[in-house]
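What follows is a set of notes on a single structure, which appears directly below.
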Amino acid sequence: PLLLAAMPDMPSDGVVAVPLAAANAAPAPRPEEIFRDAAMAQMLVGKGTENFKKDFLQHIQNKVSVAIQSPEGKKDVERMLQCIQAYCFQPGVTLASVKSGLTAVGAIAIGLDSKVGDFLEHIMQLLLGDPGGPPGPFLAEPNSEGTDHRERERVRYLSCESLFNVAKVANEELLPYLDRIFDGLSRLAGDVVPDVRHAAQVLDRLLKDITSHHQDKLNVGSFVDELAKRMKFKNPMIRQLCLGWTSLVLSMENVDLESFIPRFLEGIFEVMETHDHSRDSRQNADTLLDKCLEKVKNLERPKARRIIFQTAPRLAESCKNQDKVIRLCSLCWLYEYVKLTPNFAAAPGASGASGSASVALRETDDGEAQDWQTGWAQRLPVVMDGVFDCIGDKETEVSQMAVDLNNSLLELSSSLGDRLPVSEPVAKLRDRLRPPDTRQLGLQAAGSEDSGLVVVQVACLQWICLLLADSPQQMLQKETMKELFMPIFENLMHPHDQVVIASLRVMAQIMEAHPVEELTIEDFFQDRCVDSFTAPRTSPTVDLFTKIVERLLLVFSNQREMLESRGRLMIRQLCGHLDPRRLYVTVARAIQQEPNKDFAQKLVQTFNWILLTAAETRRLREELLEESQSHPQLLQLASLPGSSAGSTAEVKPLFLELLEPWFHNPASALALCLWSQQYDLASELTARFASFDPTLEFLQQLDQLVMLIESPIFSRLRLRLLEPRQHPALLKCLLGLAMLLPQAGAFQALTERMQLVQSSLLLEAREPAPKSGDWWGQDKRTLELKALLETFDKVSHA
């Protein structure tokens with residue numbers, strides 16, 4: 001027999017009438033008319049004993065097998081089904097009758113065997129009920145309350161058994177009913193009774209086997225609708241059932257994955273997002289996601305594109321989920337989506353995702369390439385927002401994956417160029433740059449600031465840099481700049497250096513850009529307090545570069561601790577991103593008009609130290625040296641040959657641009673003169689130091705100057721001491737410094753250096769002074785020596 005084996009007997013505690021199916025208006029034959037046996041008739045209405053159960057089933061099976069052989073026998077089978085419907089599946093019948101009816105339906109199906117298809121509609125009506133009407137016993141809602149709950153459990157069990165027998169003989173003919181069967185199967189798979197769940201699992205395996213062998217008979221669309229609906233259930237057994245069927249559908253050939261994968265993806269994430277502590281559900285869902293992703297990667301480009309852009313917003317939303325696994329999975333999917341984009345090379349060094357080479361489109365695929373670009377331009381703001389939620393994640397694996405994805409998105413955005421609308425990304429970047437209550441933290445909050453927030457802000461500033469470079473026509477509109485400028489400028493006061501450095505890079509791009517519309521400082525700073533920083537100007541128009549520099553100096557003026565703790569870092573960064581000469585000239589002119597002398601002195605000291613020591617200002621130092629040897633004004637100032645070679649140059653030398661503002665800090669002005677080889681002026685300045693009050697701050701500045709002279713950067717000056725007769729003003733300047741300094745460390749260092757000058761004087765006393773200002777006189781330079789020196793110069797400056 002085909003009935004399920006090893007079905008446990010479940011005792012009956014009584015019967016209660018329940019409505020299970022709609023009544024058939026046509027009159028139905030009585031059981032006595034069908035079976036011609038009173039005992040069999042009693043069994044059908046649930047009044048027989050268990051001793052007659054096997055005889056009852058065998059009797060029905062034999063009767064149907066014989067009847068179906070003749071043309072008239074089909075009417076007998078139909079009458080039998082009508083009798084069962086009337087006496088076992090009508091409202092008001094006992095649960096015992098329902099159980100007998102279910103058993104009889106299974107026996108009829110076995111007896112029909114290959115002819116079951118002729119009666120399948122009626123049989124399924126008995127088990128499932130009419131669509132839109134009262135449900136049949138297989139679709140009835142489980143109810144474990146009341147004194148008859150044991151009988152109801154038995155009904156659910158026998159429903160599975162009966163449908164199993166029908167499916168066994170009906171095979172692929174049952175598939176048109178699969179969506180409705182799955183509705184009941186999902187209820188029974190989550191049943192509280194283990195035996196019922198087991199019966200549902202046996203039926204589920206049979207249905208999957210039938211479906212896998214007869215895929216073309218399945219109405220996949222309606223079935224997927226039912227499957228997606230059931231995936232939202234939280235019962236882990238139902239979820240396992242849904243995941244198994246989803247895997248089966250994905251493995252089918254000729255399935256419209258373009259329509260189904262987005263719906264499956266939604267359901268799978270529903271499974272993963274609910275914390276039911278079911279490890280099997282989570283593991284199976286994760287495996288299924290990998291399978292879905294492989295399907296997408298193997299699809300044709302147009303189909304993959306449509307799936308990608310349909311599901312990308314859902315994945316971006318999942319990046320905000322509290323579950324680490326879901327966040328990581330969503331990021332991996334989005335990363336693969338970027339790599340699937342044609343003509344896109346994944347960011348170098350990216351890790352954390354499987355390798356898959358991007359596809360290059362042919363020249364004839366311009367339309368497809370345009371569709372990809374349009375799709376990404378529309379979804380990029382949403383995806384960016386999801387990535388920003390993960391890029392500062394406390395979980396290292398998640399944050400690293402988010403960084404890799406962000407780098408890939410930056411590269412992808414760069415390939416879009418000015419085709420990316422910036423309004424929505426700018427709004428999201430602005431909101432991310434202005435998190436609540438961070439501006440009031442101050443520098444003391446650097447240790448308590450959330451490091452994840454710092455990473456997010458740096459990433460936002462990277463995006464602004466990219467948009468400024470790739471879409472300047474959109475980014476430099478006045479309204480766009482109004483949205484972004486103040487959040488960027490406020491981040492210059494951020495307690496973390498990473499954010500400050502990134503903000504300075506963006507600020508430098510804005511300062512050197514050519515705006516589409518004329519921008520003024522009042523467009524950004526509504527208080528206009530920048531005007532209070534400088535004296536009234538003779539020129540009514542001042543460029544944006546100058547105004548921003550002055551505004552930054554105003555910040556330094558209001559926050560002196562910021563100038564002392566971070567001023568050098570900020571100035572060096574600006575020099576690295578801007579034209580350092582223009583920056584220094586602008587700052588010098590602002591200092592010249594600064595009414596606060598104490599602040600002006602601090603500024604000069606900071607800028608001078610960077611000028612003479614930082615790698616970013618090396619070009620400025622070289623310019624100062626070149627000017628000292630060639631510019632007519634400086635040659636005249638230094639009383640060197642060639643001073644009458646010409647009049648004032650068109651461009652004012654850098655030394656003269658800086659000198660007067662540098663007078664606000666005498667020690668810095670002296671250092672500038674020494675570096676620029678203006679030794680006569682340096683000597684005169686040193687002589688004037690004697691009239692200053694020997695304050696501790698002034699002496700400390702002189703001490704720092706001596707340390708600077710002893711540093712490698714001033715090795716050129718120290719070599720000049722080998723020619724004391726050629727540079728008497730330099731010797732006089734350094735001796736004057738030694739006289740001004742107290743006998744401490746700086747004094748000792750300078751004294752020891754000056755003692756070497758005695759040897760230089762003895763050297764010069766033994767031979768006439770060289771005609772040139774070089775250490776080696778021209779008469780001493782043999783052709784061989786000159787060749788060696790030229791080789792040295794060539795190698796050392798390579």
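The values are calculated or read from the model by the stated rules, or taken from the named source; none is laboratory data. This is a predicted model, so every value here is computed, not measured. Positions of Cβ are backbone-derived with ideal geometry, glycine not excepted, and every protein chain shown enters the neighbour counts. Ligands, DNA and RNA are excluded from the accessible area calculation, which covers all protein heavy atoms including side chains. Shrake-Rupley method; radii C 1.70, N 1.55, O 1.52, S 1.80 Å.
Strictly over 25 Å apart at the Cα level, which of LYS63/LYS99; LYS394/LYS428; LYS291/LYS324; LYS234/LYS297; LYS339/LYS478 would you flag in this model? Exceeds cut-off: LYS234/LYS297; LYS339/LYS478. Note on the range 467-517: Cα-only Rg and Dmax are 11.2, 33 Å. Structural descriptor for the range 214-265: relative contact order 36 percent, calculated from alpha carbon pairs under 8 angstrom and at least 6 residues apart.
Here the label points at ARG419 and LEU719, each 7 Å from Cα along the C-beta direction, are separated by 5.7 nm in the simple model. Surface exposure of the range 84-165, expressed per residue as accessible area with a 1.4 Å probe, stands at 30 Å².
Within the same chain, lysines fewer than 8 places from LYS597 are excluded, and of the rest, those with a Cα less than 22 Å from its Cα are LYS547. Overall, the accessible surface of the range 92-195 at a probe of 1.4 angstrom is composed of carbon and sulfur to the extent of 46 percent.
Close amide-amide hydrogen proximity is noted between GLY129 and GLY136, each under 5 Å apart and 5 or more residues distant or on a separate chain (H modeled in the peptide plane; Pro and chain starts excluded). Remark on the range 140-284: ratio of C-alpha radius of gyration to 2.2 N^0.38 Å is 1.05.
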